[in-house]
1. Considering only Met144, Ile227, Ser86, whose Cα is most displaced toward the positive end of the charge dipole of the chain, charges sitting on Cβ of Lys, Arg (+1) and Asp, Glu (-1)?
2. Going by alpha carbons, how many degrees (0 to 90, nearest 10) lie between the helix axis of 216-232 and the longest principal axis of the chain?
3. How high is the relative contact order of the chain, in percent, with contacts defined as C-alpha pairs under 8 Å that are six or more residues apart?
4. Given the options Ser64, Ser110, Ser184, state which has the largest fluctuation in a GNM of the chain using a 10 Å cut-off (strictly under) for Cα springs.
5. If you build a Gaussian network model of the chain, linking Cα atoms that sit under 10 Å apart, which residue out of Leu216, Leu109, Leu28 swings the most?
6. Rounded to the nearest 20 debye, what is the charge dipole size of the stretch 141-240 about its Cα centre when +1 sits on each Lys and Arg Cβ and -1 on each Asp and Glu Cβ?
7. With charges only on Cβ, +1 for K and R and -1 for D and E, what is the dipole size of the stretch 177-310 about its Cα centre, in debye, rounded to 20?
8. How large is ³J(HN,Hα) for each residue in the stretch 54-65, as worked out from phi by the Karplus curve 6.51 cos²θ - 1.76 cosθ + 1.60 (θ = phi - 60°), to whole Hz, x for Gly and Pro?
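Just so it is clear, none of the values below were taken in a lab; they were calculated from the coordinates. Just so we're clear, the structure is a prediction, and the values are computed from it rather than from any experiment. All Cβ positions, glycine included, derive from the backbone under ideal geometry; neighbour counts span all protein chains shown.
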Amino acid sequence: MAELTDKKTSTISLRRKPRWGESIIQGLLFLSGFLSIFITIGIVYELGKEALLFFQMPEVDLLSTITSTEWKPHVNKFGIWPLLTSTLLTSTIAMSIAIPLGMSVAIYLSEYASPKVRNTLKPVLEVLAGIPTIVYGYFALTFMTPLLRQIFGNDTVQIYNTASAGLVMGILILPLITSMTEDSLSAVPRSLREAAYGMGATKLEVAVQIVVPAALSGIAAAIIVGISRAIGETMIVAVAAGAGPNFTLNPFIGAETITGHIVRISGGDLSYDSIDYNSIFALGLFLFLVTLTLNIISQAIVRRFREVYE
């Protein structure tokens, strides 16, 4: 009997059997990741190659590009600040709307709303993210601008202005920040809430003093992603913010952003390797570096606060 048992045991194979379906899925996932990295490298390469042609031109000086306040390619003036200030101005206006409203809605959905209300409101908010940005642009021009002119006066608010573009950009970014922030708040362990309730804390105190600090890494990431989205927004500013670089901090007058300038210039008849053509890639590379820096900061913040709350 013992000999039979030993014989059966010796025939059992402990080698892992191949699972072809799982191997195929793993290969497809690897291929997807490889293609994403390859495409990103290709985009950066093309931007860098064309931008290098721009900075190698004798009319372009890198120092004056960084420090000058005039962008007039037709007279060889390439100061980035008029385009940069209007980009930052519209993004600041947008985030001043999206951050407080987005966080407030996220706290309500996570801590106060019933499951039925949450399942109704969240899809409605996310519908806003599906509206084409060109529609938002004409909404800013035909609704927000007349409203601002009615409030502040026609002499104060120009037809094309960065205020209306920034406000509508805030509406566009609102679902993004709300959704990411609500996901971060919902991921906070229930035990933290119950411990606070056991100490006599109110619902508002739990939400503001317990849940929000515990989800700070996700909230910070949502805000930085929203800023990157605002900086890279194109059609709203192209339609509503105005054409022509203008070095100003007045939100009620027209000023062209970096993306708006790229749209306007690229829509014309530009010859290849001309200074105007190459300047588009230089501006695109600059925007890429700005958003890359924001993403690096976001990852650093996420890692920093995850170490605290894990």
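1. About the Cα centre, the residue reaching furthest to the positive side is Ile227.
2. That works out to roughly 40 degrees.
3. 25
4. Ser64
5. Highest fluctuation among the options: Leu28.
6. 60
7. 460
8. Running phi through 6.51 cos²θ - 1.76 cosθ + 1.60 with θ = phi - 60° gives 5, 6, 7, 5, x, 6, 9, 10, 4, 5, 5, 4 Hz.
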